[in-house]
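Below is one structure, written out as structure tokens, with a few remarks after it.
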Amino acid sequence: MRTRLPFAVLALLCTGLLAGCSTVEGLARSATGSQGGADQSLPCPTDLTAETGAASTSTPTPRPTATLDPTVAGELRDALQAVRVLPGIANVDETTTNAPDSTPDPSCPVRPVTTNHFATTVTVSTAPDATPEQAGAVAATMSEHLAWTGVTLVLTVPAAAEHIASSVEYDGTFDQRIPPTTSTSVAQGLATLAATPHVTGLDAVVPSTMRVDYGSLTIGVDTTDEATLAAVRTVIDGTAFAHTTLHGSFGNGAKP
């Protein structure tokens, strides 16, 4: 088992309002909850004002643009390249976003400390006739290259004549190896339900624990007929989603 990395990649930047400081600490490999701090060797602007008796007129140093840790960026690039050459893959897109927030430096309230939270969404579409093995290979392949929980995979199998479209989201799972048998069983369950009569919508979420039963399945059925619902439920019970929280036409409540 590889060492698990934090859920959020933190790039901690501190910016000075007078002499200014800009340090980048604890990028992708920092411990969860680690805090950045301003450079204590630099004076606080309010201290300088008190010493000189005059207001500061210095221009703050521009804050460097926060970027994803190079090691994590390289892992992500390798994962995408590996997925793009898998059989049955039609399209692969990737979006990385940053959601920074700032808090005052405890030792200098007028000097903010900015914390950057990076996250990446990988969106993959297979060919409509992709097999469950081909669809399942996507998550398993990505897990071979990544060691970061900041990645979400959204994998879609488009509709074809014999089945509706289905989608599964792997939410923050990529700090661990995902066995092909596990991801294929998820894909097989979706393929079975997508071809089940009266099923009109199909979306699943696999949580960071890789416990499929603690994820969710949103399934639509085009009738409220109890016999039909029971038949569809029987199909669900024969898949990897047998004990998963259900939504849509079926509702069995959230797990504790």
Residue count, segment 221-245, condition touching a strand residue (DSSP E or B) at 6+ places or on another chain (Cβ under 6 Å), surrounded by fewer than 17 Cβ atoms within 10 Å (Cβ to Cβ) and at pLDDT 95 or above, comes to 0
Within segment 157-195, residues assigned to a strand (DSSP E or B) and either aromatic (Phe, Trp, Tyr) or at pLDDT below 95 (or both) come out as Tyr170
Within segment 226-250, the residues that are among the hydroxyl-bearing types (Ser, Thr, Tyr) and not in a strand (DSSP E or B) are Thr228, Thr234, Thr239, Thr244, Ser249
Those residues of segment 99-120 which are touching a residue at least 60 places away in the same chain (Cβ under 8 Å) and of a type in the set (S, T, N, Q) amount to Ser107, Thr114, Thr115, Asn116
Test for Val154: is it surrounded by fewer than 19 Cβ atoms within 10 Å (Cβ to Cβ), under 15 Å from the mean Cα position of the chain (by Cα) and assigned to a strand (DSSP E or B):
yes
Just checking, does segment 121-138 include any residue being aliphatic (A, V, I, L, M), surrounded by fewer than 23 Cβ atoms within 10 Å (Cβ to Cβ) and free of Cβ contacts under 8 Å to residues at least 24 places away in the same chain? no
Quick count over segment 87-111, residues being in contact with an Asp or Glu (Cβ under 9 Å, 6 or more places away or on another chain) and modelled with pLDDT under 85, is 1
Residue hits (segment 117-140; over 16 Å from the mean Cα position of the chain (by Cα) and either within 18 Å of Val212 (Cα to Cα) or not acidic (Asp, Glu) (or both)) are Ser125, Thr126, Ala127, Pro128, Ala130, Thr131, Pro132, Glu133, Gln134, Ala135, Gly136, Ala137
If we keep only residues of segment 209-225 that are part of a loop (DSSP other than H, G, I, E, B) and charged (D, E, K, R), then the residue nearest to Ser183 (Cα to Cα) is Arg211
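Does Asp203 satisfy the condition of being crowded, with 19+ Cβ neighbours inside 10 Å and touching a residue at least 60 places away in the same chain (Cβ under 8 Å)?
Criteria not met by Asp203.
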- So Asp78, is it more than 19 Å from Ala130 (Cα to Cα) and either in contact (Cβ under 8 Å) with a residue 24 or more places away in the chain or of a type in the set (Val, Ile, Thr) (or both): yes
Reported set for segment 88-126 where residues are aliphatic (A, V, I, L, M), assigned to a strand (DSSP E or B) and closer than 23 Å to Thr71 by Cα is Val92, Ala119, Val122, Val124
So, first residue more than 20 Å from Ala204 (Cβ to Cβ) in segment 222-242, second residue part of a loop (DSSP other than H, G, I, E, B) and not hydrophobic (A, V, I, L, M, F, W, C), Cβ within less than 7 Å, six or more apart or across chains; the pairs are Thr223/His198; Thr228/His198
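The values are calculated or read from the model by the stated rules, or taken from the named source; none is laboratory data. Being a predicted model, the structure only gives us computed values, none of them experimental. Don't worry about glycine lacking a Cβ; one is built from the backbone with ideal geometry, like all the others, and counts go over all protein chains shown.
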